[in-house]
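Heads up, the thing below is written out as structure tokens.
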Amino acid sequence: SDKTIRIWSKLLNNFDKSILLIKSSVPADNMVYQKFEEKFQKNGISQGRIKYMNKTNSMIDHLKLYNMVDIALDTFPFNGATTTFEALWMGVPVMTIKGDIHYSRVSTSILTTLGMDYCVGKNEDDFLNKTINLSNNINKLINLRKELRNKIKSSPLYDGETFAKNVEKEYKKMLLDLK
């Protein structure tokens, strides 16, 4: 979205040497990339600071790309879900802005469950400040790279059995309410 590009550009303008990697599972042509370039340039980002990648040949190749990433930036207003989990699984923190409707709160829910409120901005300024702070904390990024997978494994997000039981309880409540 234009909002996403504007916010990401503000962030990139704080880090002269940072590169933004945009990857899509949907093939795109040069016209799409050109439109992106134009939008980023309107926001002060010089050509060459955005790298575009198309779909990889395998899931393994896809996940390996996270080895090139320090911090993942969520999109607005539609947050990631699977992509948020993939990044975290690969040790890459995800920065997001807490929205006010389900599709703009998915990453917030995941990150909050993991105790990673420092990755959730309340608004645009808070997002920028928290992302800049995390970007400047190399030790934290190194530790997250090492620890995030185990953090997920020990969280309720990885406990499918309990999740299924809780869903069953809710279904039972709904059925009783119908009677």
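The values are calculated or read from the model by the stated rules, or taken from the named source; none is laboratory data. Note that this is a predicted model, so its numbers are computed, not measured. Because the Cβ atoms are built from the backbone with ideal geometry, glycine has one as well, and the counts that use them run over all protein chains shown. Surface areas here come from the heavy atoms of the whole protein model, side chains and all, with no ligands, DNA or RNA. Shrake-Rupley method; radii C 1.70, N 1.55, O 1.52, S 1.80 Å.
Below are the figures for this structure:
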quantity	calculated
Using θ = phi - 60° and Karplus 6.51 cos²θ - 1.76 cosθ + 1.60, couplings along the range 126-134 (whole Hz; Gly, Pro as x)	5, 4, 4, 4, 5, 5, 4, 4, 5
Residue-wise HN-Hα coupling along the range 139-150, computed from phi with Karplus coefficients 6.51, -1.76, 1.60 (Hz; x: Gly, Pro)	4, 5, 4, 5, 5, 4, 4, 7, 10, 4, 4, 5
Debye, to nearest 20: dipole size of the chain, +1 on Lys, Arg Cβ, -1 on Asp, Glu Cβ	160
Of 122/165; 10/153; 10/35, those spanning more than 27 Å from alpha-carbon to alpha-carbon	122/165; 10/153
Å² of accessible area per residue within the chain, as computed with a 1.4 Å probe and no ligands counted	64
Distant-in-sequence amide H partners of residue 23 (H built 1.01 Å from N, under 5 Å)	53
Residue-by-residue Karplus 3J(HN,Hα) for the range 32-44, coefficients 6.51, -1.76, 1.60, Hz, glycine and proline x	5, 5, 5, 4, 4, 4, 4, 5, 5, 5, 4, 9, x
For the range 1-78, fraction of C-alpha pairs farther apart than 19 Å, in %	38
Using distinct alpha-carbon pairs, which all enter the 1/r mean, Kirkwood radius of the range 63-131 in Å	11.7
Simple label model, 7 Å out from Cα along Cβ direction - residue 155 to residue 30, nm	4.2
Per residue, the convex hull volume that the Cα atoms of the chain enclose (Å³)	148
